[in-house]
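Heads up: the structure comes next, in structure tokens.
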Amino acid sequence: MLSRSLFLSLLTICLFCITAQLAPLHALLEWQRPLIETGQWWRILTGNFTHTNWTHLGMNISGLLVISYLFRFYLTAGRFWLLLTSLSLIVGLSLFITNLNGYAGLSGLLHGVFIWGACQDIRTQRAGGRLLLIAGILKISWDLYYGGSAETASMINAPVAVEAHFAGAVGGFLLAMLPPAFRLSAFPVK
């Protein structure tokens, strides 16, 4: 079961994502390289919470809920917000070293939280952690080699941003490997 504070955090993120879909707010928040380069720096963070369409939003919100539940043992509300903010910066900034001019979606963050959580499972010797990490690495590798799923691209009306998935996964791994004094968590939440 989710803690009340984590549930409220997830509800807040879901409501923000839904609100971010509404025009003209969507146009002010999505990750757009040319607009960020002209000084609209907030898009580095907020672009991760916009989506290409309602189907895309539904898929990512569902993923967020499942992954948050899966790793609820390690997530307090504060740790969750710090993890999402850190991953938003990592993904949003990493996109500058790609050819992408636009990005929308939580999927980079989802990949980051998944890898981070799998590392926490391994660290705490929870069953399945290694398997989850291997599955995450294989999924990212598949995406990078073959490109994103054509079916998913059709549903979201955009190419799958495998670059964001990779950046999120690397970010999740790096955040999990921080020295103990800076680590987001190594032990389950009581």
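The values are calculated or read from the model by the stated rules, or taken from the named source; none is laboratory data. Please read all numbers here as calculations on a predicted model, not as lab measurements. Backbone-built Cβ (ideal geometry, glycine too); neighbour counts: all protein chains shown. All accessible areas refer to the heavy atoms of the entire protein, side chains included, with ligands and DNA or RNA removed. Shrake-Rupley method; radii C 1.70, N 1.55, O 1.52, S 1.80 Å.
Can you find a residue in region 127-149 that is within 23 Å of residue 48 (Cβ to Cβ) and among the charged types (D, E, K, R)?
Yes; the residues of region 127-149 include at least one that is within 23 Å of residue 48 (Cβ to Cβ) and among the charged types (D, E, K, R).
Name the single residue that is most open to solvent (accessible area, probe 1.4 Å) among those in region 37-75 being among the hydrophobic types (A, V, I, L, M, F, W, C) and free of Cβ contacts under 8 Å to residues at least 12 places away in the same chain.
Residue satisfying both the conditions and the ranking: 41.
Looking at (1) assigned to a helix (DSSP H, G or I); (2) open to solvent by 50 Å² or more (accessible area, probe 1.4 Å), which is the one condition that is false for residue 126?
Answer for residue 126: the failing condition is (1).
Could you check region 76-98 and list, in sequence order, the residues that are under 23 Å from residue 143 (Cα atoms), free of Cβ contacts under 8 Å to residues at least 60 places away in the same chain and either under 10 Å from the mean Cα position of the chain (by Cα) or not in a helix (DSSP H, G or I) (or both)?
Correct list: 88 only.
Among the residues of region 148-162, how many are in contact with a Gly (Cβ under 9 Å, 6 or more places away or on another chain), surrounded by fewer than 19 Cβ atoms within 10 Å (Cβ to Cβ) and assigned to a helix (DSSP H, G or I)?
1
Take region 1-35 and flag every residue that is surrounded by 18 or more Cβ atoms within 10 Å (Cβ to Cβ) and aromatic (Phe, Trp, Tyr).
Hit for region 1-35 is 31, nothing else.
Mind checking which helices (runs of 4 or more DSSP H) fall wholly inside region 5-72 and carry at least 2 residues that are modelled with pLDDT of 95 or more and closer than 30 Å to residue 130 by Cα?
Here the list reads 54-70.
Exactly one of these conditions fails for residue 85: (1) surrounded by fewer than 16 Cβ atoms within 10 Å (Cβ to Cβ); (2) touching a helix residue (DSSP H, G or I) at 6+ places or on another chain (Cβ under 6 Å); (3) hydroxyl-bearing (Ser, Thr, Tyr); (4) under 25 Å from residue 11 (Cβ atoms). Give me its number.
(2)
Could you please find all residues in region 163-178 being open to solvent by 70 Å² or more (accessible area, probe 1.4 Å) and either within 12 Å of residue 48 (Cβ to Cβ) or modelled with pLDDT of 95 or more (or both)?
Hits for region 163-178 are 166, 173, 174.
Show the residue pairs that are 6+ apart or on different chains and have beta-carbon atoms under 6 Å apart, the first residue being within region 109-136 and at pLDDT 95 or above, the second being of a type in the set (Phe, Trp, Tyr) and open to solvent by 50 Å² or more (accessible area, probe 1.4 Å).
Pairs that qualify, where the first residue is at pLDDT 95 or above and the partner is of a type in the set (Phe, Trp, Tyr) and open to solvent by 50 Å² or more (accessible area, probe 1.4 Å), are 115/173.
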